[in-house]
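Worksheet: one structure, shown below.
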């Protein structure tokens, strides 16, 4: 009967209930009916799931990303990326990928990246003759890099669920994030053919754009440099990013007021609450599954199948891609990690490497039809035609799957910087 508990959250979510309600319902049934444990255990594990210092980084990174998205920093990043492209075929599209990558290294949020970079690049691409569905598909897919490139909120949550170091996950995500960005950029340049736009490359123009964008470019240096050099823990780096964003807002953004600071704080508070309630519920659900031996039994059953390990890895990737289409990244990571990590470890996959595989899968799911989250954000922002957007996304999904296969079967892309 314990296996039945896996389907309770799925059924309730499909009925329209929030994810955390489905998780708590399954945990309550398991604890009271199957395990015969006092109901007080639910409350105890709810709060125990939140008693982790790594969670402190989430509100800081969210607040920093909200602040940087409100001012002119996203515009400056887009101008800087465009100056670096020159008259490269598809330069504005490639610049969108570059700007999304660096803004993702500021905000850690795919949703924030769509709003900040997409609003700027969409009009520029249409002016240069890009098809509307293609431009919107490009924005939706390139924004997903924010879930892979550090500081990624998804990696913090995986680190908590898998009991792995968030600092190592951040460092491990650098190369895979750039691999995904490079694959998308090469496809855009190939698709553009010989069509070029904009000004020819000029070192003076690039330096001028760098001077204007140095505050935006400085935040990833502060965060990742502090972590990589061992000066800051991920939580301390999140606090430093928050302080950095506040200083930029107060002294380098004359158009912003203290009211904007307050509104960013409120928005970050709402996002933090939405994330932490899922963390708490998933902690109870994961504990209930582990005590009943479900992950261990599933791992044992799969590893005993008469198929090569690489086939199982492909199957795990396909499962995560499907899950990413229907669940938000935070929920998917917290629900699937206790189930899939034992299987990956049994196959000889390093837990840090598996964290990158899982995060990359779910980031692709964010722009995979039918209900990838980025699709509907883009459609809502630009009132795009949904069927046309679905069709335009298919090549981007295919290119991203190439990057996923490279990261999955070349572990050194994830583990080289970590030293494993």
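The values are calculated or read from the model by the stated rules, or taken from the named source; none is laboratory data. The shown structure was predicted, so the numbers you read here are calculated from the model rather than taken from an experiment. Here Cβ is always computed from backbone atoms with ideal geometry, including for glycine, and neighbour counts include all displayed protein chains.
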For residues that are loosely packed, with under 13 Cβ neighbours inside 10 Å and at pLDDT 75 or above, scanning just the stretch 264-305, find the one that is farthest from residue 20 (Cα to Cα). 266
Taking the stretch 1-29 as the region of interest, how many residues are over 21 Å from residue 324 (Cβ atoms), in a helix (DSSP H, G or I) and at pLDDT below 75? 4
Quick check, is residue 229 surrounded by fewer than 16 Cβ atoms within 10 Å (Cβ to Cβ), at pLDDT below 80 and within 24 Å of the chain's Cα centre (by Cα)? yes
Matching entry among 162, 154, 181 (being in contact (Cβ under 8 Å) with a residue 12 or more places away in the chain, crowded, with 24+ Cβ neighbours inside 10 Å and either under 18 Å from residue 414 (Cα atoms) or touching a helix residue (DSSP H, G or I) at 6+ places or on another chain (Cβ under 6 Å) (or both)): 154
Contact list, first residue from the stretch 241-261 and exposed (fewer than 13 other Cβ atoms within 10 Å of the Cβ), second anywhere and at pLDDT below 80, beta-carbon distance below 7 Å, six or more apart or interchain, is 255/71
Restricting to the stretch 125-151, name every residue that is modelled with pLDDT of 85 or more, crowded, with 24+ Cβ neighbours inside 10 Å and not in a helix (DSSP H, G or I). 148, 149
Pairs only if they're at least six apart or on different chains, beta carbon under 9 angstrom, first in the stretch 203-224 and on the phi > 0 side of the Ramachandran plot and touching a residue at least 40 places away in the same chain (Cβ under 8 Å), second part of a helix (DSSP H, G or I) and crowded, with 16+ Cβ neighbours inside 10 Å; list them, first residue then second. none
Restricting attention to the stretch 403-420, and to residues there that are part of a loop (DSSP other than H, G, I, E, B) and at pLDDT 90 or above, which single residue is farthest from residue 321 (Cα to Cα)? 416
Apart from one, (1) surrounded by fewer than 22 Cβ atoms within 10 Å (Cβ to Cβ); (2) over 16 Å from residue 176 (Cα atoms) all hold for residue 416; the odd one out is (2)
Quick check on residue 168: is it under 30 Å from residue 51 (Cβ atoms), free of Cβ contacts under 8 Å to residues at least 24 places away in the same chain and out of contact with any strand residue (DSSP E or B) (no Cβ under 7 Å at 6 or more places or on another chain)? no
